[in-house]
Amino acid sequence: MKLMDIDKRRYRKHLNLVFAGIAVALTAIAIGASTILIGLFSTPDESHFWLNVAGVVIAVALVVKLLQQLRPHPFMKEVAYVWELKQVLNRIYRRERKLEAAVEAGDPKALIIMNFFYRGSKQLYELDDNLVTIDELVNKIRDHDKRLVDAGLTTDTDTFDPVMLDNPD
């Protein structure tokens, strides 16, 4: 995965539209499916709870399938990119303690992974206006840049490959 330049306004606009679309679709499909299920399988005296739950499950399944189909569409480019970036950063975060120990030991692979982690996190912070702790992150990036230079590596994130996370050693 490579870090991409993202237009923040376009990303936020598309994200908000996707979220609104998901909410509307889930509501409409769940109500429609529940109504059909109740009409087919229930009587007025029975509880409709499980049929309503089934309607929600159907709605979720259809919306997930729709999102999978729409994911490659150009409109979804920024939203899909950020979603994938968050997944990769989460994988790194779960291994952060081991990676930081490897960074301290001078492991080039760990240095590359943590470089991507810090710079990808900074991009997410900026896209989501999460600026409360960004100064701390910028300090970590500065410190990490020194380690990269000392190890003879660049601050470029293009050397990172998510496959590096498959083998922790």
Count - residues of the range 39-63 that are at pLDDT below 95 and of a type in the set (A, V, I, L, M): 1
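One line per residue, one yes/no per condition, for (1) surrounded by fewer than 16 Cβ atoms within 10 Å (Cβ to Cβ); (2) over 16 Å from the mean Cα position of the chain (by Cα); (3) not aromatic (Phe, Trp, Tyr):
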{"residue": "Leu67", "(1), (2), (3)": "no, no, yes"}
{"residue": "Pro74", "(1), (2), (3)": "yes, yes, yes"}
{"residue": "Glu84", "(1), (2), (3)": "yes, no, yes"}
{"residue": "Lys98", "(1), (2), (3)": "yes, yes, yes"}
{"residue": "Met114", "(1), (2), (3)": "no, yes, yes"}
{"residue": "Leu127", "(1), (2), (3)": "no, no, yes"}
{"residue": "Asp150", "(1), (2), (3)": "yes, yes, yes"}
{"residue": "Leu153", "(1), (2), (3)": "yes, yes, yes"}
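Pick out the one residue from Leu66, Leu85, Leu127, Leu89 that is of a type outside the set (Asp, Glu) and at pLDDT below 95. I'd like the intermediate steps shown before the answer.
Numbers: Leu66 fails: at pLDDT below 95; Leu85 fails: at pLDDT below 95; Leu89 fails: at pLDDT below 95.
Sole residue among the options that is of a type outside the set (Asp, Glu) and at pLDDT below 95: Leu127.
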Would you be able to say whether some residue in the range 130-142 is open to solvent by 70 Å² or more (accessible area, probe 1.4 Å), under 22 Å from Val18 (Cα atoms), assigned to a helix (DSSP H, G or I) and out of contact with any Asp or Glu (no Cβ under 8 Å at 6 or more places or on another chain)? no
Any residue in the range 20-32 that is in contact with a helix residue (DSSP H, G or I) (Cβ under 6 Å, 6 or more places away or on another chain), in contact (Cβ under 8 Å) with a residue 40 or more places away in the chain, of a type outside the set (Phe, Trp, Tyr) and closer than 24 Å to Phe160 by Cα? no
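The values are calculated or read from the model by the stated rules, or taken from the named source; none is laboratory data. Quick caveat: nothing in here was measured; it's all calculated off a predicted structure. With ideal geometry, Cβ positions are generated from the backbone for all residues, glycine too; neighbour counts draw on all protein chains shown. All accessible areas refer to the heavy atoms of the entire protein, side chains included, with ligands and DNA or RNA removed. Shrake-Rupley method; radii C 1.70, N 1.55, O 1.52, S 1.80 Å.
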